[in-house]
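The values are calculated or read from the model by the stated rules, or taken from the named source; none is laboratory data. Bear in mind that the values here come from a model prediction, so they are computed numbers and not experimental data. Cβ: placed from backbone, ideal geometry, glycine included. Neighbour counts: every protein chain shown. Keep in mind that these areas ignore ligands, DNA and RNA; they rest on the heavy atoms of the full protein, side chains included. Shrake-Rupley method; radii C 1.70, N 1.55, O 1.52, S 1.80 Å.
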Amino acid sequence: MAWFVHGCVLIDLDVTTSSVVELYWEVLALLDDPAQHRTGSGWERAVLHCVDLLREPLAEVAADPHRHASRDERLALAPLVEIPRQVLVGPGDAERSFPMACWNAAGALLDGVLSPYRAVGFVVCVGYFSQDQDLAWVREWQVRYEDEPDARPALDAEIRAWARDRVVGRD
């Protein structure tokens, strides 16, 4: 689910609609798998709500055995952009990608779905496209994580503290 939301964040920046549709179908295919990790967290509940809300708007895309990129774009782009942003971040202007990326990374980290390093990577990736964001702090974590292996346990703790601050009150 974390990768699906990450795809939704990047869909109008750097990821194709078809690839996010594929991630959506992967999530659907795994929903009933008893081996899947379930936490019941606010992050998980919100993402599952997005998946449910997308069932109807994406039904036509799913029904077509000969999917193609232009059809996916026409039918799936708007729901894949707007529904997750509305549910996960709330109403607002189009620039909700960065807050959504932060919340997704934080929620997935705290649920044990992403490592601290991967969570930071999610934020840095989206930050690349959000030039107005001050990302020195998160880029510093990434560089320190790569350059200072002995500091990783302390960095993990810092990153987890950042994640807890992002999800407080949202569960």
Subset tally (residues that are without any contact (Cβ under 8 Å) to a residue 24 or more places away in the chain, open to solvent by less than 50 Å² (accessible area, probe 1.4 Å) and closer than 17 Å to residue 112 by Cβ) for segment 10-63: 1
Condition broken by residue 67, with the remaining ones in (1) at pLDDT 90 or above; (2) touching a helix residue (DSSP H, G or I) at 6+ places or on another chain (Cβ under 8 Å); (3) open to solvent by 40 Å² or more (accessible area, probe 1.4 Å) satisfied: (1)
Residue in segment 105-121 that is more than 22 Å from residue 22 (Cβ to Cβ), open to solvent by 20 Å² or more (accessible area, probe 1.4 Å), modelled with pLDDT under 90 and small (Gly, Ala, Ser) present: no
Qualifying residues in segment 1-27 (those that are among the polar types (S, T, N, Q) and in a helix (DSSP H, G or I)) - the one farthest from the chain's Cα centre (by Cα): 18
Failed criterion for residue 150 (all others in (1) modelled with pLDDT of 95 or more; (2) under 20 Å from residue 12 (Cα atoms) hold): (2)
Test set (1) modelled with pLDDT under 85; (2) open to solvent by 60 Å² or more (accessible area, probe 1.4 Å); (3) assigned to a helix (DSSP H, G or I); (4) touching a helix residue (DSSP H, G or I) at 6+ places or on another chain (Cβ under 7 Å) - residue 160 fails condition number: (1)
Breaking point among (1) at pLDDT below 95; (2) open to solvent by 30 Å² or more (accessible area, probe 1.4 Å), for residue 96: (2)
